[in-house]
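Undergrad: Before anything else, here's the structure in question.
The values are calculated or read from the model by the stated rules, or taken from the named source; none is laboratory data. Please read all numbers here as calculations on a predicted model, not as lab measurements. Quick reminder, even Gly has a Cβ in these numbers, built from the backbone with ideal geometry, and neighbours come from all protein chains shown.
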Amino acid sequence: MKGPLSSHKKVLIISSEFPPNTGGIGNHAFHIAQWLSKQQYQVTVLADIAGYSDSPINNFSSTLPFTLIPVLRKEFVVFTYASRMVKALQQAAKSDVIICSGKFSLWLMMAIGICFAGKKRIAVVHGSELDLKQPWAKKLTTKALGYANAIISVSHYTKQFIPATLTQKIPVYIIPNGISIKDFDGFADKEKSTDATLQLITIGSVSERKGQLNVIQALPELLLHYPNLQYHIVGKPVMQPMLEKTINALHLKPYVVFHGIMEQQQMLQLLAQCHIKLMLSNHTSSGDFEGFGIAILEANALGLPAIGSSNSGIADAIKNGETGILVMPADIAAITAATQQIINNYTAFSTAALEWAKQHDWQLIIQQYIAIIEGN
């Protein structure tokens, strides 16, 4: 594997979240840190971590191939902000390249750009941080992004929310999210249901953005074609009570299973036994939207085709008509037709989905980051 052009270059990654917390931005930052470390970069991660004390964080940090500096949440939020700023400037002073990912981290780009104008600064934008509804927050984000030397967008959909005043003067690169194919070894060959039951699944916090309600509202029509289907909902049950009211009103209780938050291995076992991954995400009125849809690729890695929203970053995660089908999230007729098309051509869709996932292995994706890090 081709290594970095500048051996032992020091890279600082500032992320608004990070494991052991869950979240797409944190997972993304973790893999960038991990794979840059494998390429001989000296990586330090500065990240907000909530709900953990020093001891478990230290135990977690000791297993990592890079340095993790946590910003633990304090009782008064202003102290958290101050701690984040001080640590960011201290670490930026020691680094050659600074990568900022997530809203609060992007805001630090301005201070880092002012204090360390000669250092390479890369902003990673995922989605919702670009469509903030508070005017002051939107202006601050735009101002901070102006201090980046390069902007990486995780999808074409996300890129369109970058202000034109920035894209005219700062290079913007589209690099999709990645997965580690090895994480799915041993699961892809699990037997799927051989009875007449169609197994559908959505993974992610039960929320307006993730669109579980869109699937539930499509179930009565789907049941006309697949009377024994089951819909599995995995994730933090934020809006579960509201969804349960709709389920009861539509008499769907026998067909929907809420699993809550699942341990990773159990979740992969369940995912491998399902047939189609549904991600009918919404672009909410608050500006929250799906920047890419990494959960699509995770399902693809187990041979599951996907049905996803065409009006989101998911459009980059699905090769329409091959690895899955894009639909408008509330279009019940389109959702039903997509399901039928996939089931009627399941082997072709499943094979293409697996190959598509392999093309997004972090081992390949990280090379695009390295090209930007090493570029002029």
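Undergrad: Please tell me if SER83 is in a helix (DSSP H, G or I) and hydroxyl-bearing (Ser, Thr, Tyr).
TA: Values: in a helix (DSSP H, G or I): yes; hydroxyl-bearing (Ser, Thr, Tyr): yes.
For SER83, the condition - in a helix (DSSP H, G or I) and hydroxyl-bearing (Ser, Thr, Tyr) - is met.
Undergrad: Report, by residue number, each residue of the stretch 62-75 that is within 12 Å of ASN21 (Cα to Cα) and either surrounded by 15 or more Cβ atoms within 10 Å (Cβ to Cβ) or not assigned by TED's automatic domain parsing to the domain that holds PRO19 (or both). Break it down into steps so the answer makes sense when it comes.
TA: Taking the stretch 62-75 as the starting set, the residues that turn out to be within 12 Å of ASN21 (Cα to Cα) are 70, 72.
Result: PRO70, single match.
Undergrad: Of all residues in the stretch 142-175 being out of contact with any strand residue (DSSP E or B) (no Cβ under 6 Å at 6 or more places or on another chain) and without any contact (Cβ under 8 Å) to a residue 24 or more places away in the chain, which is nearest to SER285 (Cα to Cα)?
TA: This residue is GLN160.
Undergrad: Among what's in the stretch 334-374 and is without any contact (Cβ under 8 Å) to a residue 24 or more places away in the chain and within 30 Å of VAL97 (Cβ to Cβ), pick the residue that is surrounded by the fewest Cβ atoms within 10 Å (Cβ to Cβ).
TA: The selected residue is ALA371.
Every residue, every condition in (1) of a type in the set (A, V, I, L, M); (2) surrounded by fewer than 20 Cβ atoms within 10 Å (Cβ to Cβ); (3) closer than 24 Å to GLU374 by Cα, yes or no:
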position	(1), (2), (3)
PHE18	no, no, no
ALA33	yes, no, yes
ASP54	no, yes, no
PHE60	no, yes, no
SER83	no, yes, no
LEU89	yes, yes, yes
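Undergrad: Would it be correct to say that ALA117 is among the aliphatic types (A, V, I, L, M), assigned to a loop (DSSP other than H, G, I, E, B) and under 17 Å from ILE32 (Cβ atoms)?
TA: Details: among the aliphatic types (A, V, I, L, M): yes; assigned to a loop (DSSP other than H, G, I, E, B): yes; under 17 Å from ILE32 (Cβ atoms): no.
The answer is no for ALA117.
Undergrad: Something else now. Could you check how many residues of the stretch 25-47 are in contact with a Gly (Cβ under 6 Å, 6 or more places away or on another chain) and either among the aromatic types (Phe, Trp, Tyr) or assigned to a helix (DSSP H, G or I) (or both)? Full working, then the answer.
TA: Quick first cut of the stretch 25-47, residues in contact with a Gly (Cβ under 6 Å, 6 or more places away or on another chain) only: 25, 39-40.
Then keep just the ones that are either among the aromatic types (Phe, Trp, Tyr) or assigned to a helix (DSSP H, G or I) (or both); that gives 25.
Number of matching residues: 1.
Undergrad: Quick one: would you say ASP361 is closer than 29 Å to LEU130 by Cα, at pLDDT 95 or above, among the acidic types (Asp, Glu) and in contact with a Ser or Thr (Cβ under 8 Å, 6 or more places away or on another chain)? Walk me through how you get there before you give the answer.
TA: On the way: closer than 29 Å to LEU130 by Cα: yes; at pLDDT 95 or above: yes; among the acidic types (Asp, Glu): yes; in contact with a Ser or Thr (Cβ under 8 Å, 6 or more places away or on another chain): yes.
Yes; evaluated as a whole, the condition is true for this residue.
Undergrad: Let me ask something else. Of the residues ALA144, ALA123, which is at pLDDT 95 or above and in a strand (DSSP E or B)? I'd like the intermediate steps shown before the answer.
TA: Values: ALA144 fails: in a strand (DSSP E or B).
From the options ALA144, ALA123, the qualifying one is ALA123.
Undergrad: Working only within the stretch 315-333, note down all residues that are closer than 24 Å to ILE181 by Cα and in contact (Cβ under 8 Å) with a residue 40 or more places away in the chain. Before you say what the answer is, go through the steps one by one.
TA: Just the residues of the stretch 315-333 that are closer than 24 Å to ILE181 by Cα, to begin with: 315-326.
Selection gives ALA315, ASP316, ALA317, GLY324.
Undergrad: Would you confirm, using the coordinates I've provided, whether ASP331 is modelled with pLDDT of 95 or more, in the same structural domain as GLY186 (by TED's automatic domain parsing), more than 16 Å from the chain's Cα centre (by Cα) and among the acidic types (Asp, Glu)? Working first, answer last.
TA: Details: modelled with pLDDT of 95 or more: yes; in the same structural domain as GLY186 (by TED's automatic domain parsing): yes; more than 16 Å from the chain's Cα centre (by Cα): yes; among the acidic types (Asp, Glu): yes.
For ASP331, the condition - modelled with pLDDT of 95 or more, in the same structural domain as GLY186 (by TED's automatic domain parsing), more than 16 Å from the chain's Cα centre (by Cα) and among the acidic types (Asp, Glu) - is met.
Undergrad: What are the residues in the stretch 22-51 that are within 21 Å of LYS103 (Cα to Cα) and of a type in the set (Ser, Thr, Tyr), if any?
TA: Scanning the stretch 22-51 gives THR22, THR44.
Undergrad: Go through the stretch 103-149 and count every residue that is more than 18 Å from LEU89 (Cα to Cα) and either within 23 Å of the chain's Cα centre (by Cα) or among the aromatic types (Phe, Trp, Tyr) (or both).
TA: Number satisfying all stated conditions: 15.
Undergrad: Please go through (1) surrounded by 22 or more Cβ atoms within 10 Å (Cβ to Cβ); (2) at pLDDT 95 or above; (3) small (Gly, Ala, Ser); (4) farther than 26 Å from THR197 by Cβ for GLY291 and return the number of the only condition it doesn't satisfy.
TA: Here GLY291 meets the rest and fails (2).
Yes or no, residue by residue, for (1) at pLDDT 95 or above; (2) crowded, with 19+ Cβ neighbours inside 10 Å; (3) within 15 Å of the chain's Cα centre (by Cα); (4) not small (Gly, Ala, Ser):
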residue: GLN265; (1), (2), (3), (4): no, no, no, yes
residue: GLN269; (1), (2), (3), (4): yes, no, no, yes
residue: ALA272; (1), (2), (3), (4): yes, yes, no, no
residue: THR284; (1), (2), (3), (4): no, no, no, yes
residue: ALA299; (1), (2), (3), (4): yes, yes, yes, no
residue: LEU304; (1), (2), (3), (4): yes, yes, no, yes
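Undergrad: Looking only at the stretch 127-141, which residues are in contact (Cβ under 8 Å) with a residue 24 or more places away in the chain, assigned to a loop (DSSP other than H, G, I, E, B) and not charged (D, E, K, R)?
TA: Those that are in contact (Cβ under 8 Å) with a residue 24 or more places away in the chain, assigned to a loop (DSSP other than H, G, I, E, B) and not charged (D, E, K, R): GLY127, LEU132.
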